[in-house]
Amino acid sequence: MNSIATDDGATPRTVDTGAASAIFLLQKLAVIAKFRDVETTAHMFRVGQIAGLLAWHHTRDSLYARLVCRAAPFHDIGKICIPDSILMKPGLLSGAEWEMMKKHPVMGGKLLHCPGSPLLTVAEEIALGHHEKFDGSGYPSGQVADRIPLSARIAAIADYYDALASDRVYRSAWQRERVLASIRSLSGQAFDPQLVEVVFRRHDDIVQVCELTNQRWAQADQGPFKWSDFEPLIAYED
């Protein structure tokens with residue numbers, strides 16, 4: 001344990017330097033993802049905030065929920081390894097292109113692999129497992145139910161929720177009631193039924209944290225990513 005200054009100008013505080021190194025690595029990966037236009041910054045962090053919130057209400061473990069909140073923005077980090085000709089293609093992907101795209105979870109897992117770091121371990125789980133499905137029909141490994149790490153099951157539903165509830169170049173955002181209905185229809189298929197219930201119970205909190213994240217990233221000039229950007233926007237408490 002050493003005293004270091006956080007990179008957002010905060011008062012120096014005592015932190016685990018291993019954890020600080022992990023945060024530093026994730027900050028740099030976030031910059032790379034931003035430059036590659038893998039995902040919008042707001043989407044990355046909304047997924048993190050939603051996932052952390054779900055982790056808290058499912059486990060009541062605030063330390064674990066904070067890890068998930070920090071790690072989930074990197075669910076798609078493996079896409080930085082995908083050629084632009086595929087990643088930025090405006091039309092439908094060919095069969096071969098889709099097979100290449102489906103490799104991004106494994107690539108993301110390899111980028112984040114760091115035994116001994118709790119934060120990077122959770123980030124690796126999420127990157128590798130967020131396209132697995134509860135019924136075993138997902139990829140890359142076809143894992144089933146609780147063989148999929150909890151963090152990945154949480155990130156999968158957070159990513160799906162935000163992707164549908166947000167405007168995309170090719171479509172407008174769905175109404176939240178439609179998003180919830182879609183998630184309900186996929187309970188036990190794509191998603192862990194217990195987590196689906198958490199989404200419904202805490203939906204008002206999800207909407208709130210998405211709005212707070214949008215406000216945070218509304219600035220055109222966002223500047224460098226800071227330590228505080230990876231922290232929960234809603235306190236994990238009853």
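The values are calculated or read from the model by the stated rules, or taken from the named source; none is laboratory data. Keep in mind the model is a prediction, meaning the values are calculated, not measured. Glycine also receives a Cβ, built like all others from the backbone with ideal geometry; neighbour counts cover every protein chain displayed. Surface accessibility is based on the protein's heavy atoms, side chains included, excluding ligands, DNA and RNA. Shrake-Rupley method; radii C 1.70, N 1.55, O 1.52, S 1.80 Å.
Computed values, structure above
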| read-out | value |
| --- | --- |
| Candidate set: the stretch 29-71, residues that are polar (S, T, N, Q) and closer than 23 Å to residue 168 by Cβ; chosen: the one modelled with the lowest pLDDT | 40 |
| Selected residue (criterion: most open to solvent (accessible area, probe 1.4 Å)) from residues of the stretch 22-61 that are polar (S, T, N, Q) and in a helix (DSSP H, G or I) | 59 |
| Candidates 84, 76, filtered to the one that is acidic (Asp, Glu) and under 20 Å from residue 151 (Cα atoms) | 76 |
| Residue count, the stretch 153-197 (criterion: hydrophobic (A, V, I, L, M, F, W, C) and touching a Pro at 6+ places or on another chain (Cβ under 9 Å)) | 1 |
| Residue match in the stretch 80-102 (condition: touching a helix residue (DSSP H, G or I) at 6+ places or on another chain (Cβ under 8 Å), of a type outside the set (Phe, Trp, Tyr) and under 20 Å from residue 157 (Cβ atoms)) | no |
| Search result, residues across the stretch 177-220 that are open to solvent by 40 Å² or more (accessible area, probe 1.4 Å), modelled with pLDDT under 95 and not in a helix (DSSP H, G or I) | 218, 219, 220 |
| Condition check for residue 49: among the polar types (S, T, N, Q) and over 24 Å from residue 132 (Cβ atoms) | no |
| Selection status of residue 89, more than 30 Å from residue 235 (Cβ to Cβ), in a helix (DSSP H, G or I) and among the charged types (D, E, K, R) | no |
| Tabulated pairs, the stretch 129-144, first open to solvent by 30 Å² or more (accessible area, probe 1.4 Å), second hydroxyl-bearing (Ser, Thr, Tyr) and not in a loop (DSSP other than H, G, I, E, B), C-beta under 9 angstrom, 6+ apart or interchain | 134/187 |
| Residues of the stretch 88-121 satisfying the condition of being open to solvent by 60 Å² or more (accessible area, probe 1.4 Å) and in contact (Cβ under 8 Å) with a residue 60 or more places away in the chain | 111, 116, 118 |
